[in-house]
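Heads up: the structure comes next, in structure tokens.
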Amino acid sequence: MSLLTPIEFNDHRVLTTVQLAEIYGTEVQILTNNFNRNKNRYDEGKHYIALQGEEKRNFLNLHQNDLGSKNASILYLWTEKGAWMHAKSLNTDAAWSAYEMLVDDYYRVKAVSVPRIQRLFDSLPT
């Protein structure tokens with residue numbers, strides 16, 4: 001599994017179907033089939049973003065890396081909740097482990113905090 005290249009759309013971290021398939025150790029077609037069979041359970045804007053036409057072209061041009069689905073009419077970008085829905089439908093140990101990594105390391109922006117001892121020193125009167 002290769003290192004995930006972070007992708008953002010409208011200030012939200014997302015994954016393409018190709019990236020999601022890679023991290024979950026499955027095929028794009030399996031994710032596509034699961035999505036199509038359960039489409040009524042997915043909400044656009046909450047679980048995924050569907051880019052088409054000019055919006056899709058602009059997004060692909062901006063990211064200039066191989067995001068897959070360049071020839072598809074719709075490029076799906078998966079939110080954290082959408083990635084969870086796919087892990088749930090795959091229901092494999094590998095998918096659940098990968099999802100945990102996504103939550104811990106991909107979707108969460110880690111804030112750098114001041115160590116507790118430094119805060120104690122800063123609060124002392126000078």
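Filtering the range 77-94 down to residues that are at pLDDT below 85 and in contact with a helix residue (DSSP H, G or I) (Cβ under 9 Å, 6 or more places away or on another chain), which residue is nearest to residue 33 (Cα to Cα)?
92
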Looking at the range 72-97, I want the residues that are part of a helix (DSSP H, G or I) and aromatic (Phe, Trp, Tyr) and have a partner that is at pLDDT 90 or above and surrounded by fewer than 16 Cβ atoms within 10 Å (Cβ to Cβ) with Cβ atoms under 8 Å, at least 6 apart or on another chain. Which pairs are those? none
In the range 20-41, which residues are within 17 Å of the chain's Cα centre (by Cα), part of a helix (DSSP H, G or I) and free of Cβ contacts under 8 Å to residues at least 24 places away in the same chain? 21, 22, 32
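Which residues, taken from the range 1-36, are aromatic (Phe, Trp, Tyr) and surrounded by fewer than 20 Cβ atoms within 10 Å (Cβ to Cβ)?
Listed by number, the list holds a single entry, 9.
The values are calculated or read from the model by the stated rules, or taken from the named source; none is laboratory data. In this text, all values refer to a predicted model and were calculated from it rather than measured experimentally. All Cβ positions, glycine included, derive from the backbone under ideal geometry; neighbour counts span all protein chains shown.
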